[in-house]
1. When only C-alpha pairs under 8 Å and at least 6 residues apart count, what is the relative contact order of chain B, in percent?
2. Could you work out the helix-only [θ] at 222 nm for chain B, with each DSSP H run of four or more residues adding -39,500 (n - 2.57) and the total divided by the number of residues, to the nearest 500 deg cm²/dmol?
3. Would you list which lysines come within 24 Å of B:Lys2, measuring only between C-alpha atoms, while excluding same-chain residues fewer than 8 positions from it?
4. Could you tell me how many degrees, from 0 to 90 and to the nearest 10, lie between the Cα long axis of helix B:51-61 and the main elongation axis, the longest principal axis, of the Cα atoms of chain B?
5. Dividing the alpha-carbon radius of gyration of the protein assembly as shown by 2.2 N^0.38 Å (N being the number of residues), what value is obtained?
6. If amide hydrogens are placed 1.01 Å from N in the peptide plane, which non-local residues have theirs closer than 5 Å to the one on B:Val95?
7. Go ahead and run the numbers for FRET between A:Arg90 and A:Ser261, Cβ-Cβ distance against an R0 of 56 Å, rounding to 0.05.
8. Shielding by partners for B:38-51, please: the mean number of other protein chain Cβ atoms within 10 Å of each residue's Cβ.
Amino acid sequence: MSRPEHLAPPDIFYNEDEARKYTCNSRIIEIQTKMCERALELLLLPENESCLLLDIGCGSGLSGEVLEEHGHTWIGIDISRAMLDIAKKREVEGDVILSDMGQGLPFRAGQFDGVVSISALQWLCNLDNSKHGLRKRLDVFFSSLFACLRNGARAVFQFYPENDDQLNLLESAACKAGFSGGRMIDFPNSKKARKVFLVLMTGGVTTVPVDSLAQQSRCTVGKNMKNKNGKKDPLRGTRRDWIMKKKDRFRNKNKEVKADSKYTGRKRSRF
Amino acid sequence: MKLLTHNMLSSKSLKGVVVGYPLKIEAYDVKVTEVEFNPEFIAKVIPKIDYSVLIRAAEYLGHVGKLPGHVPENVEKNTDFLKEVHHALLEVEVVKGDLVCPESGRRFPITDGIPNMLLNEDEV
């Protein structure tokens with residue numbers, strides 16, 4: 001798949017045409033909504049309390065709508081004027097600001113209860129102009145992000161890293177700015193459904209909730225390790241064990257798998 | 001741009017600017033839209049905002065209403081006060097105007113309600 005961040009810088013790539021296409025595409029809307037729901041879950045906000053959130057790379061406000069549904073107030077920043085114009089036309093509740101995250105967030109300290117960012121961070125690493133020192137931009141961004149969060153707040157980024165080096169670079173820059181936390185990958189075994197989150201924390205030790213779907217890795221091996229002849233095979237277990245393992249593998253890839261029953265892995269009866 | 005956003009915006013990313021707060025508003029076009037009132041959120045946000053900055057901004061835009069000069073005690077139960085703050089923070093919106101950095105005098109234009117905080121290469 002071609003990567004849009006290689007084609008042009010974000011303020012030029014997301015022109016009026018591209019912004020309109022982006023906001024009308026039902027598949028993009030669905031993915032954005034799901035990712036934002038998941039990011040919100042990872043933020044671990046206090047329940048039934050409306051919070052003030054920052055949406056970095058808010059675009060046309062698709063992710064902002066999810067935040068509104070959960071009763072939060074949000075402020076969004078984006079670098080693409082065309083995207084923000086669409087957000088205004090759609091009358092989203094949050095306020096939007098035209099700003100470049102690589103130049104530092106234009107907020108005073110300790111304001112936000114959390115930050116979400118849906119598929120935006122990879123644009124920060126795009127070096128369109130040799131004058132932009134990547135490392136400097138990352139440092140400026142993460143330190144200004146750290147400053148505008150209140151103590152104990154989290155920032156969750158969903159993004160598409162180009163390779164492991166990029167992910168490591170982002171993690172080390174965040175660490176340098178004072179964040180703890182790190183990557184969290186949903187559906188790690190699937191190329192298509194794989195989603196990378198960078199979960200950054202400003203203080204304290206907390207746990208990460210595991211996605212309900214990704215969690216479904218039931219272990220069925222162990223109890224009845226018998227092979228076809230009814231004897232125990234130390235490597236593969238019984239025929240049923242082998243099938244169950246394979247089904248689990250497919251479930252982890254988010255593929256359609258038939259439900260398990262007592263007939264799973266049995267031979268068909270002969271007439 | 002709502003006054004809640006104005007209350008947080010700072011121009012400290014500019015080279016040579018230390019505080020960059022509060023940004024001065026110069027408004028040419030202001031509109032009022034109705035937003036759902038959420039007393040818990042307003043009560044939670046009041047300790048975080050800079051109240052004097054809000055008062056000054058609301059005064060300038062002519063929407064100060066019955067806002068008192070200081071935050072009264074027992075904010076949570078004072079629904080009238082919360083409603084006033086709600087109106088000033090979330091319902092008053094600057095559609096066209098400028099934000100001016102108090103230190104360098106750099107202007108950030110607001111068009112169609114979107115403040116443009118982009119900086120030039122040499123200003124970072």
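The values are calculated or read from the model by the stated rules, or taken from the named source; none is laboratory data. Not measured: the values here are computed from a predicted model. For neighbour counting, all protein chains shown are included, and Cβ atoms are generated from backbone atoms with ideal geometry for every residue, glycine included. What goes into the accessible areas is simple: the full protein's heavy atoms, side chains included, and nothing from ligands, DNA or RNA. Shrake-Rupley method; radii C 1.70, N 1.55, O 1.52, S 1.80 Å.
1. Working: 187 pairs, mean separation 46.6, N = 124.
The normalised contact order for chain B reaches 38 percent.
2. Working: 4 runs with 32 residues, N = 124.
For chain B, the value works out to -7000 deg cm²/dmol.
3. Within the straight-line limit of under 24 Å, B:Lys2 reaches these lysines: A:Lys88, A:Lys89, B:Lys12, B:Lys24, B:Lys31, B:Lys44, B:Lys48, B:Lys66, B:Lys83, B:Lys96.
4. With both axes taken from Cα atoms, the answer is about 80 degrees.
5. Values: Rg = 25.0 Å, N = 395, 2.2 N^0.38 = 21.3 Å.
For the protein assembly as shown, the normalised Cα radius of gyration comes out at 1.17.
6. HN-HN under 5 Å from B:Val95: B:Asp29, B:Val30, B:Lys31.
7. Working: r = 46 Å, r/R0 = 0.83.
Computed FRET efficiency for A:Arg90 and A:Ser261: 0.75.
8. On the way: counts 4, 0, 4, 7, 2, 0, 6, 6, 0, 0, 6, 2, 1, 0.
The per-residue average across the peptide is 3.
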